[in-house]
Amino acid sequence: MSTRYWCESAWIDGSVAHGVLLSADDTGTLTAVETGIDTAPSDAEAVRGFVLPGGVNAHSHAFHRMLRGRTHGDGGTFWTWREVMYSVAAKLDPQSYETVARAVFAEMLAGGYTSVGEFHYVHHAQDGTPYGAEHPHYHDTEPRAEAGDRPHADANGDSGLRAHEMERALARAATSAGIRIRLLDTCYLTGGIDSELSAEQARFGDGTIDGYLDRHAGLIDTFTDEFPVNTPGESFVHVGAAIHSIRAVPAANLPRFTELSGPVHVHLSEQPAENEASKAAYGATPTEVLARSGVVDNRLSAVHATHLSEEDIAILGGSRSTIVMCPCTEADLADGIGPARELADAGAVISLGSDQHVVLDALRETQGLEAGERLRSGQRGRFSPAELITALTEGGARSLDLPVGALEVGKACDFVALRTDSKRTMGSLDEQIILTATSADLHLTVSGGKVRVRDGVHTELGDIAELYAQAFAALEMEG
């Protein structure tokens, strides 16, 4: 069976094409991309407006969405915001996190993203005990059932949670929403350079680098069995690795990440205090510490990269690393504006993330990249509309190593459609719509060849606001 969509206009091979017919097989993989088709065939859904490849959100902390609109009353800093974030992290368990993440991923789809890199570090139970046999009874208020009758029953019929249950919860949330996920399994060993994890951070840690690597290998094996990677369109769950930061992983442990294959992400120089601590401890910037450890290469994605030296920029550009800019979060937390243009000119690949989800709007995030550059430099057009689209799509696909980012044969049939006749977009010339549209103009989101969101409503999960009502209730937070 084939699914076909006729697009009034679409972004194909780096330019706007008209009358585009997309054909996907029953796995959700594109099998044909034709242009110049004047009218929609009878067996194709007609998609009005302008179609873009699905946005790739290269940096997400799903549970941070629960802080939106709740941290502005007293001003503060990134560090005081972090304390509020820890209070929400403490509430999470596998059941509630699945409920939260399902709502967040649904909103992502409505906001223009069809893939996400979930930078995940809430691995264990609230007291730091790994889920599994050591932590056997969680919300076990229902009668004991036979194995397989309950969603979390293990092979022995035990209602206790299994190893990697927080990660499983995120994967289930992503697949139920229909968003492609690279779960970036994060190493978090210390609370700061040469300091122990705090009580709030206990559930993030694995004790030692060997503990992390052993758990990471087990996670890969588990996901390979439970969420097999098949064709591009069908492959919705993938695993990657992340170094939380050089504050959270000692420099002596960093070379171990060269043993891993696939993407490696890291928070890098988000705050001046991180740079100061790194120089005091190691006599080098965080970028230099990573480079000395051998992890700076074209698999690395540096998130934020806000406070960099000229040498840092040269190192990241020369290695063809990916930079994940998160403009809305960086503005919200008063992080600063990173040197995106200089990084791109040095050879780095620019991508985008929503981080703490102060908004989940791929268009606003993309516009924020250019807006920050204009404010920082006093110049317009620092990134062309085409470069902005590339950052949102191909840049993110490279960061997460996913078969997405372009509407071409062999890649996943993932796309979003923008209205060109709204009060925001009317009169926009071709790809310049990337600078005028918002998520309010998105009327269709497709992933794996299936319509996931139509006119702001998730086709299977329903009203996204109601999903959030369930999420706030699950955490016993006032919505």
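Values as computed for the structure displayed
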quantity: Cβ crowding within 10 Å averaged over residues, with 450-462, 166-178 ranked highest first; calculated: 166-178, 450-462
quantity: Cα-projected label distance for Ala281 with Arg374, points at 7 Å along beta-carbon direction, nm; calculated: 4.0 nm
quantity: Estimated 222 nm signal from helices in the chain, with DSSP H stretches of n ≥ 4 weighted -39500 (n - 2.57), rounded to 500; calculated: -8500 deg cm²/dmol
quantity: Using a Förster distance of 45 Å, the FRET efficiency for Phe78-Ala217 (Cβ separation, nearest 0.05); calculated: 0.85
quantity: For peptides 417-425, 235-243, sequence by mean Cβ density within 10 Å, most packed first; calculated: 235-243, 417-425
quantity: Amide H contacts of Leu189 (H built 1.01 Å from N, under 5 Å, at least 5 apart or other chain); calculated: Val249
quantity: For mean projected area of the Cα convex hull in nm², calculated from these coordinates, the label among (1) 20.3; (2) 34.6; (3) 22.4; calculated: (3)
quantity: Percent accessible area from carbon and sulfur atoms, the stretch 200-359, protein chains only, probe 1.4 Å; calculated: 51 percent
quantity: Dipole magnitude of the stretch 247-356 about its Cα centre (Cβ charges: Lys, Arg +1; Asp, Glu -1), debye to nearest 20; calculated: 400 debye
quantity: Centroid-to-centroid separation of the stretch 350-411 and the stretch 253-295 [C-alpha atoms, Å]; calculated: 24 Å
quantity: 5 angstrom amide H check on Cys7, placed H, neighbours 5+ away; calculated: Val20, Leu21, Leu22, Val47
quantity: Calculated FRET efficiency for the pair Asp401/Glu310, C-beta based, R₀ 30 Å, to 0.05; calculated: 0.55
quantity: Gain on full stretching of the segment that runs from Ala252 to Leu435 - 0.36 nm per residue minus C-alpha separation; calculated: 61.5 nm
quantity: Within the accessible area of the stretch 364-465 (1.4 Å probe), percent carbon and sulfur; calculated: 48 percent
quantity: Rounded to 5, the percent of DSSP beta bridges in the stretch 1-129 classed as antiparallel; calculated: 60 percent
quantity: Per residue solvent-accessible surface (Å²) - the chain, probe of 1.4 Å; calculated: 38 Å²
quantity: Estimated translational D of the stretch 1-96 in µm²/s (Stokes, Kirkwood radius over Cα pairs; 4 °C; 1.567 mPa s); calculated: 75 µm²/s
quantity: Using a Förster distance of 30 Å, the FRET efficiency for Phe472-Ala334 (Cβ separation, nearest 0.05); calculated: 0.70
quantity: Sorted peptide list for 354-363, 375-384, criterion being average Cβ within 10 angstrom, highest first; calculated: 354-363, 375-384
quantity: Separation in nanometres of the label points that stand 7 Å from Cα toward Cβ, at Thr175 and Glu34; calculated: 3.5 nm
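The values are calculated or read from the model by the stated rules, or taken from the named source; none is laboratory data. Given the structure is predicted, the values throughout are model-derived calculations rather than measurements. With ideal geometry, Cβ positions are generated from the backbone for all residues, glycine too; neighbour counts draw on all protein chains shown. Only protein heavy atoms, including side chains, enter the accessible area calculation; ligands, DNA and RNA are left aside. Shrake-Rupley method; radii C 1.70, N 1.55, O 1.52, S 1.80 Å.
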